2 protein chains.
Amino acid sequence: MTIDPIGVVRRIDQDKARIVLKPIHVEGLSGLAVGDRLDVLYWMHELPAEQRRAMRVHPQGDPSRPRKGVFALRSPMRPNPVGVTAVQVLDIRPDGPVVQGLDAHDGSPVIDLKAARPG
Amino acid sequence: MTIDPIGVVRRIDQDKARIVLKPIHVEGLSGLAVGDRLDVLYWMHELPAEQRRAMRVHPQGDPSRPRKGVFALRSPMRPNPVGVTAVQVLDIRPDGPVVQGLDAHDGSPVIDLKAARPG
């Protein structure tokens, strides 16, 4: 199973980021509006390989908290380093949206954008 | 970017499914409890390749509704066929959880399980 990124995250500041899509995918934004909520799926490309093998980790990296299974957490340490983050659309530029609330690092490959689930 | 599935979806009925993990990943369930909510990430393995190229589709496949960009929808038709579905844990078996609310087909490769976002 191979993922071909649809674009890349470009940080503007700690709060805002651009999602820069490949030209062939820009049409996929049709109907998106400022204020919409999206789930952004991205690849945590900076995660070291050894952190993909840990099956139990300290919640929020806090060694005073007992280790818990990675599937019972949202820790970035997991076998397949795919992040899913809910964001709000602040602006829509010709090459993709500007969003608020994305925790991805600059340069993270973007896998998908999905309309947020209702409710 | 290559995904190595952590397990597979096995349908029980229309409402319930088992997530059968590979033995090396079972430890990642540590701390998970019946009643917990999870986001299940899975690969929509039955999606034909040509449906990964459409950038605008009819919402819910209804031809009477005007086409909209795939990134403004949750349609299964998208460049990277990764589904993200919120489920509830009904039971925890030695090889993985039984969950309610998963829309994945039988045999879908499972990419990740994440604790649901708070709220």
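The values are calculated or read from the model by the stated rules, or taken from the named source; none is laboratory data. The structure displayed is predicted, hence computed values, not measured ones. Counting neighbours? That spans all protein chains shown, and the Cβs are built from the backbone with ideal geometry, glycine included.
If you filter segment B:1-17 down to residues that are within 25 Å of A:Pro109 (Cα to Cα), without any contact (Cβ under 8 Å) to a residue 24 or more places away in the chain and not in a strand (DSSP E or B), you find that the one that is farthest from the other protein chains (Cβ to nearest Cβ) is B:Asp4.
Against the test of being in contact with a helix residue (DSSP H, G or I) (Cβ under 9 Å, 6 or more places away or on another chain), of a type outside the set (Phe, Trp, Tyr) and either in the same structural domain as B:Ser108 (by TED's automatic domain parsing) or modelled with pLDDT under 95 (or both), the options B:Leu32, B:Leu47 yield a single qualifying residue, B:Leu32. Among the criteria (1) surrounded by fewer than 16 Cβ atoms within 10 Å (Cβ to Cβ); (2) free of Cβ contacts under 8 Å to residues at least 12 places away in the same chain, the one B:Arg53 does not fulfil is (2).
Here B:Ile24 meets the list (1) under 17 Å from B:Gly7 (Cβ atoms); (2) among the β-branched types (Val, Ile, Thr); (3) touching a strand residue (DSSP E or B) at 6+ places or on another chain (Cβ under 9 Å) almost entirely, failing just condition (3).
Of everything in segment A:47-95 that is out of contact with any Ser or Thr (no Cβ under 9 Å at 6 or more places or on another chain) and basic (Lys, Arg), the residue that is farthest from the other protein chains (Cβ to nearest Cβ) is A:Arg93.
Filtering segment B:33-50 to residues that are surrounded by fewer than 20 Cβ atoms within 10 Å (Cβ to Cβ), among the hydrophobic types (A, V, I, L, M, F, W, C) and in contact (Cβ under 8 Å) with a residue 40 or more places away in the chain leaves B:Ala33, B:Val34, B:Met44.
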